[in-house]
1. When both residues are 6+ apart or on different chains and their Cβ atoms are under 9 Å apart, which pairs have a first residue that lies in the range 108-121 and is of a type in the set (A, V, I, L, M), and a second that is in a helix (DSSP H, G or I)?
2. Could you list, in sequence order, the residues of the range 172-193 that are surrounded by fewer than 14 Cβ atoms within 10 Å (Cβ to Cβ) and either in contact (Cβ under 8 Å) with a residue 40 or more places away in the chain or among the small types (Gly, Ala, Ser) (or both)?
3. Would you point out the residue of the range 1-48, among those that are part of a helix (DSSP H, G or I) and basic (Lys, Arg), that is farthest from Gly107 (Cα to Cα)?
4. Just one of Leu5, Leu63 is of a type in the set (A, V, I, L, M) and modelled with pLDDT of 95 or more; which is it?
5. Quick check on the range 195-210: of everything there that is assigned to a loop (DSSP other than H, G, I, E, B) and farther than 8 Å from Ala160 by Cβ, which residue is farthest from the chain's Cα centre (by Cα)?
6. List the number of the failed condition for Val51; all other conditions in (1) part of a strand (DSSP E or B); (2) crowded, with 20+ Cβ neighbours inside 10 Å; (3) in contact with an Asp or Glu (Cβ under 7 Å, 6 or more places away or on another chain) hold.
Amino acid sequence: MIRVLIADDHKVVRQGLRFLLSSEPGIEVAGEAADGVAALEAIRSLRPDVVLLDLLMPRLDGLGVLAAMHDEKLTAAVLVLTSSADDQHLVQAIKAGALSYLPKTAGVDQVVEAVRAAARGESVLQPAATARLLRELRHAAAGPLSQLTPRETDVLKGLAQGRSNREIAKALSVSEETVKSHVSNILAKLGLADRTQAAIFALQHHLVPLDQALDP
């Protein structure tokens, strides 16, 4: 028998999931929780096999529940069932230990299949979620420089070499206003405060050799 805990702050959602899962052979709803703190207490006391976990809950959100489960070595398999379409939530949930990630619009068969898979220690992701996860992981692996266009990268190299906007513009055969615009974009994309920080960032990422760097 697969014992399931339903953690969601919407009563109607909990009732619907309870009705759905209780009618399935081999599945038992062990309990419900309306917020993250109650969910943790229920996981500790009820020791369910699978937790159906919403990410957006009061007092403690789903990511907080996952973090606490990891710290306390609570071994229930977690199936995230959420209305959040945020790529970062998806990546964070999987990194935090969730086995599966489904939207609340998922079909009945998908939810039941995911619960049974989670009980076996297997993951279920919808194709769209898989694509989002892979895109986010590829972006993370590529690093912050992947956010820059080739021309912005050229301007960043110029900053690392201590060149003024006029000098960079002349080297790239563009106007000073264009360079100024590129510098603003670079600072915004990389979360940097000024050209000095940008120059240091470029050096740290080996965009130019140290012997080519000048005082910015």
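1. Within 9 Å, the pairs are Val108/Leu20; Val111/Leu17; Val111/Leu20; Val111/Leu21; Val112/Leu20; Val112/Leu21; Val115/Leu21.
2. Selection gives Ser173, Ser175, Ser184, Ala188, Gly191, Ala193.
3. Initially, the range 1-48 is screened for residues part of a helix (DSSP H, G or I), giving 11-22, 36-46.
Okay, now just the ones that are also basic (Lys, Arg), so 11, 14, 18, 44.
Details: Lys11: 19, Arg14: 15, Arg18: 15, Arg44: 29 Å.
Only one residue tops the list, namely Arg44.
4. Only one candidate passes the filter, namely Leu5.
5. Kept after step one, since they are assigned to a loop (DSSP other than H, G, I, E, B), are these residues of the range 195-210: 205-209.
Still in the running and farther than 8 Å from Ala160 by Cβ: 205-206, 209.
Working: His205: 24, His206: 28, Pro209: 34 Å.
The extreme case among them is Pro209.
6. For Val51, the exception is condition (3).
Rundown of residues vs (1) within 25 Å of the chain's Cα centre (by Cα); (2) among the basic types (Lys, Arg); (3) buried (at least 19 other Cβ atoms within 10 Å of the Cβ), yes/no style:
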residue: Gly26; (1), (2), (3): no, no, no
residue: Gly36; (1), (2), (3): yes, no, yes
residue: Arg44; (1), (2), (3): no, yes, no
residue: Leu56; (1), (2), (3): yes, no, no
residue: Met69; (1), (2), (3): yes, no, yes
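The values are calculated or read from the model by the stated rules, or taken from the named source; none is laboratory data. Given the structure is predicted, the values throughout are model-derived calculations rather than measurements. When we count neighbours, we look across all protein chains shown, and the Cβ atoms used for this are built from the backbone with ideal geometry, even at glycine.
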